[in-house]
1. Pairing the Cα long axis of helix 95-112 with the longest principal axis of the chain, what angle in degrees results, from 0 to 90 and rounded to the nearest 10?
2. Between Glu50 and Ile30, take the C-beta separation as r, use R0 = 25 Å, and let me know the FRET efficiency to the nearest 0.05.
3. Pop out the carbon and sulfur fraction of the accessible area of the stretch 2-112 as a percent, whole number, probe 1.4 Å.
4. Give the calculated FRET efficiency between Arg106 and Glu67 to the nearest 0.05, with a Förster radius of 35 Å applied to their Cβ-Cβ distance.
5. Go ahead and collect, in residue order, the members of the stretch 45-89 whose backbone nitrogen is under 12 Å from a label point 7 Å along the Cα-Cβ direction of Ser23.
6. For the stretch 2-112, with every protein chain kept in place, what is the accessible area per residue (1.4 Å probe, Å²)?
7. What number, in nm² with one decimal, is the all-direction average of the projected area of the convex hull of the alpha-carbon atoms of the stretch 2-112?
Amino acid sequence: MGKVTFLPGGKSVKARAGQSLVSVAGNARIVIPQRCGGHASCLMCRVIVESGELAPPTVLELRKMPEQDLRQGVRLACQAKATENDCTVRIPESRLKSVVAAALERQRLENEE
Ligand code: FES
């Protein structure tokens, strides 16, 4: 049994080999956005592998994901399976959240001037 660490929160969760990342995250109440119920069609559950390993991409991932994304470690959490080894994955911030954070940072810098 390996463990999966989810960034940015840094929470580590034990995972059975073959368990999907969505399932592992769900056990720890970590939310990975998704809309299609794990059918590899919404592509909202993308995560980035920062270190460690996952099982190789599934047929659905190979079909749905751009090859370049897979090469850069982007995986679909509904498809990507844990192995016996540890790994660390990053759940990307939502676009809206990053825009708001950037605006707040700009405002903070303006107030300091
Ligand atoms: S949940 Fe929709 S692609 Fe993974």
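The values are calculated or read from the model by the stated rules, or taken from the named source; none is laboratory data. Since we're looking at a predicted model, the values are computed, not measured. All Cβ positions, even for glycine, are placed from backbone atoms using ideal geometry, and neighbour counts span all protein chains on display. Just so you know, the surface numbers come from the protein's heavy atoms only, side chains and all, with ligands and any DNA or RNA stripped out. Shrake-Rupley method; radii C 1.70, N 1.55, O 1.52, S 1.80 Å.
1. 30 degrees
2. 0.95
3. 52 percent
4. Working: r = 36 Å, r/R0 = 1.03.
Taking R0 as 35 Å, the efficiency between Arg106 and Glu67 is 0.45.
5. Zone members listed by number: 78-83.
6. 62 Å²
7. Working: hull surface 31.1 nm².
Dividing the Cα hull surface by four gives the mean projection, 7.8 nm².
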